[in-house]
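The values are calculated or read from the model by the stated rules, or taken from the named source; none is laboratory data. Quantities reported herein were computed from a predicted structural model and do not represent experimental measurements. Backbone-built Cβ (ideal geometry, glycine too); neighbour counts: all protein chains shown. Ligands, DNA and RNA are excluded from the accessible area calculation, which covers all protein heavy atoms including side chains. Shrake-Rupley method; radii C 1.70, N 1.55, O 1.52, S 1.80 Å.
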Amino acid sequence: MPVFLLTNDDGYFSEGIKALREELKSLGRVITVAPDRNLSGVGHSLTFSQPLRIRRIDEDFWTVIGGTPADCVHFGYYLFLDGKKPDLVCSGINEGPNLGEDITYSGTVSGTMEGRILGIPSVAFSAFGREDIDFRELAKTAKEVVLKVLDTGMPEDTYLNVNIPNLPRDQIKGFMLTRQGRRAYREKVLKLSDPSGRPLYWITAEEFGWHLEEGTDYWAVYHGYVSITPLQLDLTNYRALEWFRERL
Ligand code: MN
């Protein structure tokens, strides 16, 4: 019976993690450790500056008060699994996509990055959709990916970023291996003011979109496929390494 360590960045109360937990429970034991609040965009932050409290929600289900997804994976592994590796770390299902450069901000993807650092195969799941997400339907598709991955295994230094279109299963065209795409929007800063007239600032997206290049994560979900992008911890730019070797 496989053992899963599950986290997310939307908080333990989110529909996405509940739906994925239910599907994973039909396959094996699921240790769930998730933040107590929505920490979307927190990235790979690990809390070193203060101690943290953990609260039990249910059987094999905990929340870390103020903890990030990376903290949650850490506690799941060291506290609740006693340092015994689960078969798979799963993260999500995130409410909203994690495509292109946005994965560098993603707490969802960072949860799986932490799993990989601990030497565990890991998969992040996100919903390509913003409204009326049918997480139960998406969790069934996520389960199919989990079953495939449990069967194939995963190369060293690899974790997967999976984005699932918000569609009924029979309308999903299939599973596509993709590369990380590029987004086409920029952040901008809104200047607001508080009731006393002092300035407030809010980072927001100027317009929403990605470059629709064939073979990318965005291309796949845009065309109704589940996008599966293999990622790695090694961030070395090997082409640039050669480029600099010829010049430096
Ligand atoms: Mn999120």
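Which GluC sites (Glu not before Pro) does segment 165-248 hold that lie in a coil by DSSP with at most 16 other beta carbons within 10 Å?
Glu206, Glu207, Glu213, Glu214, Glu246
Kindly point out which whole DSSP H helices in the chain project their C-alpha atoms 24 angstrom or further along the helix axis while averaging a Kyte-Doolittle hydropathy of -0.5 or above.
Helix filter hits for the chain: 135-152.
Taking H placed 1.01 Å from N in the peptide plane, check which residues at least 5 places from Thr47 or on another chain put their amide H under 5 Å from its amide H.
Result for Thr47 returns Thr68, Asp71.
Would you list, by chain and number, the aspartates and glutamates whose Cα falls below 20 Å from the Cα of Lys85, excluding same-chain residues fewer than 8 positions away?
Reachable aspartates and glutamates: Glu59, Asp60, Asp71, Glu114, Asp151, Glu156, Asp157.
Leaving out ligands, DNA and RNA but keeping every protein chain, what accessible area does Arg182 have, in Å² rounded to the nearest 10, with a 1.4 Å probe?
Roughly 120 Å² of Arg182 is accessible to a 1.4 Å probe.
Along the Cα→Cβ direction, 7 angstrom out, place labels at Arg56 and Gln171. What is the inter-label distance in nm?
In this crude label model, Arg56 to Gln171 measures out at 4.2 nm.
Stick to the Cα atoms of segment 1-65, pair each with every other, and give me the Kirkwood hydrodynamic radius in Å at one decimal.
Final number for the Kirkwood radius of segment 1-65 is 12.5 Å.
With a 1.4 Å probe and every protein chain left in place, tell me how much accessible area Glu131 has, in Å² to the nearest 10.
Solvent-accessible area, nearest 10 Å²: 140 Å².
Please report the equivalent ellipsoid semi-axes of the chain, computed as sqrt(5 x eigenvalue) of the Cα gyration tensor, largest first, in whole Å.
The answer is 26, 24, 21 Å, longest axis first.
Explain nothing, just the number: dipole magnitude of the chain about its Cα centre with +1 on each Lys and Arg Cβ and -1 on each Asp and Glu Cβ, in debye rounded to the nearest 20.
Here the chain has a charge dipole of around 320 debye.
Give me the log10 of I(q) over I(0) for segment 69-156 at q = 0.13 Å⁻¹, as the Debye formula computes it from C-alpha points; what are the numbers?
Log10 of I(q)/I(0), two decimals: -0.44.
Using +1 at the C-beta of Lys and Arg and -1 at the C-beta of Asp and Glu, which of Gly107, Phe48, Gly197 has the Cα lying farthest in the positive direction of the dipole of the chain?
Among Gly107, Phe48, Gly197, the one farthest towards the positive end of the dipole of the chain is Phe48.
Between Leu79 and Leu233, how high is the FRET efficiency from 1/(1 + (r/R0)^6) when r is the Cβ-Cβ distance and R₀ = 30 Å? Nearest 0.05.
Once rounded, the FRET efficiency stands at 0.85.
Between Leu150 and Ser45, 0.36 nm times their residue separation minus their Cα-Cα distance comes to what?
So the chain would gain 35.0 nm between Leu150 and Ser45.
Please state the charge dipole magnitude for segment 7-110, taken about the Cα centre, from unit charges on C-beta atoms (+1 on K and R, -1 on D and E), reported in debye and rounded to the nearest 20.
Result for segment 7-110 is approximately 380 debye, rounded to the nearest 20.
Along the charge dipole of segment 93-248, Cβ charges K/R +1 and D/E -1, which of Thr216, Thr236, Asn94 sits furthest on the positive end?
Thr236
Tally the DSSP beta bridges in the chain and give the antiparallel ones as a percent, rounded to 5.
Counting DSSP beta bridges with both partners in the chain, the antiparallel share is about 40 percent.
Which entries of Lys18/Lys173; Lys148/Lys173; Lys84/Lys173; Lys140/Lys188; Lys84/Lys148 show an alpha-carbon separation above 28 angstrom in the structure shown?
Over 28 Å apart, Cα to Cα: Lys84/Lys173; Lys140/Lys188.
Take Ile65, project a point 7 Å from its Cα along the Cβ direction, then tell me which residues of segment 1-44 have their backbone nitrogen under 17 Å from it.
12-13, 34-38
Just add up the charged neighbours of Leu39: K/R +1, D/E -1, any other residue whose Cβ is under 13 Å from the Cβ of Leu39.
-4
Kindly provide the chymotrypsin sites (Phe, Trp or Tyr not before Pro) of segment 1-66 that DSSP labels as loop, not H, G, I, E or B, and whose Cβ sees at most 10 other Cβ atoms within 10 Å.
Taking segment 1-66 and a limit of 10 other Cβ atoms within 10 Å, the loop chymotrypsin sites (Phe, Trp or Tyr not before Pro) found are Phe48.
Which semi-axis lengths, in whole Å and largest first, follow from the square roots of five times the eigenvalues of the Cα gyration tensor of segment 130-248?
Three semi-axes, in Å: 32, 27, 14.
Which order, highest average first, do 219-227, 65-73, 173-181, 109-117 follow once you tally other Cβ atoms within 10 Å for each residue and take the mean per peptide?
Output ranking for 219-227, 65-73, 173-181, 109-117: 109-117, 65-73, 219-227, 173-181.
If you find the alpha carbon centre of segment 14-69 and of segment 146-186, how far apart are they in angstrom?
When both Cα centres are located, 22 Å separates them.
Of Val189, Val149, which has the most accessible area with a 1.4 Å probe, and how do the rest follow in descending order?
Val189, Val149
If packing is taken as the mean number of other Cβ atoms within 10 Å per residue, what is the order of 25-34, 191-200, highest first?
Per-residue mean Cβ counts within 10 Å order the peptides as 25-34, 191-200.
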